[in-house]
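One structure below.
The values are calculated or read from the model by the stated rules, or taken from the named source; none is laboratory data. Computed from a predicted structure; not experimentally measured. Note: ideal-geometry Cβ built from the backbone for every residue, glycine included; neighbour counts use all protein chains shown.
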Amino acid sequence: MELDLFSQPPPRKRTAEPEVHIWSVAEITRSVRALLETSLGEVWVQGEICNFRRQASGHCYFGLKDERALLSCVLFRSYVPASLPLADGMMVQARGRITVYEARGQYQLSVTSLQAAGAGALQARFEALKRKLEAEGLFDPARKRPIPRDPACIGIVTSSTGAAISDFLNVARRRAPWVRIVINPVRVQGVGAAEEIAAAIREFNGPLFRDQIDLLIVCRGGGSIEDLWAFNEEVVARAIAGSGIPVVSAVGHEIDFTIADFVADLRAPTPSAAAELTLPDRAALLRHLLQGQSRLNRAMGTVLLHHRRMLEALARSAAFRFPRRHLQEKAQRLDTLAAAIDGVWERELRGKRERLAVLAGRVGRGGPAVGVLRLTVSLASGRMERDLCASLERKRGRLAELSGVLRVLSPEATLARGYSITLDSEGAIIRSREAVKQGEKIRTRLADGSIDSRVL
């Protein structure tokens, strides 16, 4: 019996107005299913696997495609071949029945047998281009450039409406909101997408952006090998290799690899991971600054404490408590040194003269060579006298230098520059207003004398 899906059912009775049979959606779908299953029966289909996924139940869902069409397929667990690992890009031959999944109204192939028919056209193109570019050295780690540690401006080549840019910006706002982000929107799949991506990379390397962009990120979200294919095109690989700016590739999910990943200076598993890898962490920077501030405070405290103790020690020293006595001791020391220097010079000169007299006596008894010896002695005497005079002058100069230093550092010199020292009735230096009481007598010492006063 032939079933006409869209004909009216036979009228029950003729009335003034004929009745119209209203089909339910389920009736139509069930009729289509019956028609497909009875008219086509079991068929063999060859195509390339795409959008493959395996559910927790063990059932597999995928599509078979060629250049012009796509056929949805279901492979139940009991028919999954154990010796054939299935993946996107595989060219297979599938046997099964065409049926309709009524819940969605979608026709599909219920596969009962599956066998390999090749590696798949897209996968073969991928491997061929990969071998070619690898032979040219485009994947060589030696040519990859370091990624800037703290980029000020990042250029992104991606779709302006995709999830990739949203994920990247969310991470960027959290980690480094001060970094400038420049987006060059492109199509990331479909005809002409590869050319747009390559043109955007070249545009960032042009005179308008070259001196502003520190890092380029080429990214998009996940998808099938067909969705990601624009990043497997040679024009994109050449543009990344020719970029004067370091490039990070963040295409698809962690399990997805494209030609762009191999050519780029760094591959990130996802767009979010690219942001994590390339942007500094604000929280870590703040922790580092706080630690540095703490170390600086401790170091400054140590230095200040050291100098405070030095000042306290100087304030307790005799030079400040009894400046006149200290100065008298230094003056006495200078007199002692001067006397010692004069004594040394006189002893040296007396010894040289005695030596000279001895030599002169010997010369007087020397016979014909007396003249030569006398000349030699005269020259030696002159040299010794010059040496002694020079030595004495040096020591006098050193003594004068030490005297000058002492004069500069002495309390009298400080007073001469306009400072004063205030002493209490017992002669102790007053360092704080709390150290005196009302009515107490105090003495202020100046360079040219002292002033006695009383605290009001």
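Given (1) aliphatic (A, V, I, L, M); (2) free of Cβ contacts under 8 Å to residues at least 12 places away in the same chain; (3) in contact with a strand residue (DSSP E or B) (Cβ under 7 Å, 6 or more places away or on another chain), identify the lone condition not met by Leu64.
(2)
Which ranges mark the helices (runs of 4 or more DSSP H) fully within the stretch 252-366 that have 3 or more residues being surrounded by 10 or more Cβ atoms within 10 Å (Cβ to Cβ) and among the acidic types (Asp, Glu)?
323-364
Please state which of the following conditions Leu216 fails to meet, knowing it meets all the rest: (1) modelled with pLDDT under 90; (2) touching a strand residue (DSSP E or B) at 6+ places or on another chain (Cβ under 7 Å).
Leu216 satisfies all of (1) modelled with pLDDT under 90; (2) touching a strand residue (DSSP E or B) at 6+ places or on another chain (Cβ under 7 Å) except (1).
Quick check on my filter: what residues within the stretch 22-78 are at pLDDT 90 or above, more than 30 Å from Val191 (Cα to Cα) and surrounded by 15 or more Cβ atoms within 10 Å (Cβ to Cβ)?
Hits for the stretch 22-78 are His59, Leu75.
Has the stretch 412-433 got any residue that is more than 17 Å from Leu327 (Cα to Cα), in a helix (DSSP H, G or I), touching a Lys or Arg at 6+ places or on another chain (Cβ under 9 Å) and at pLDDT 75 or above?
no
Is it the case that Gly190 is out of contact with any helix residue (DSSP H, G or I) (no Cβ under 6 Å at 6 or more places or on another chain), at pLDDT 90 or above and part of a loop (DSSP other than H, G, I, E, B)?
Spelling it out, it is not the case that Gly190 is out of contact with any helix residue (DSSP H, G or I) (no Cβ under 6 Å at 6 or more places or on another chain), at pLDDT 90 or above and part of a loop (DSSP other than H, G, I, E, B).
Just to confirm my filter: which strands (runs of 3 or more DSSP E) fall fully inside the stretch 91-167 and include at least 2 residues that are modelled with pLDDT under 90?
Fully inside the stretch 91-167 and qualifying: 91-101, 106-118.
Residues to consider are Thr270, Thr302, Thr278; find the one that is of a type outside the set (Lys, Arg) and in contact with a Cys (Cβ under 9 Å, 6 or more places away or on another chain).
Thr270
Out of Ala198, Ala164, report the one residue that is surrounded by 19 or more Cβ atoms within 10 Å (Cβ to Cβ), more than 20 Å from His253 (Cβ to Cβ) and not hydroxyl-bearing (Ser, Thr, Tyr).
Ala198
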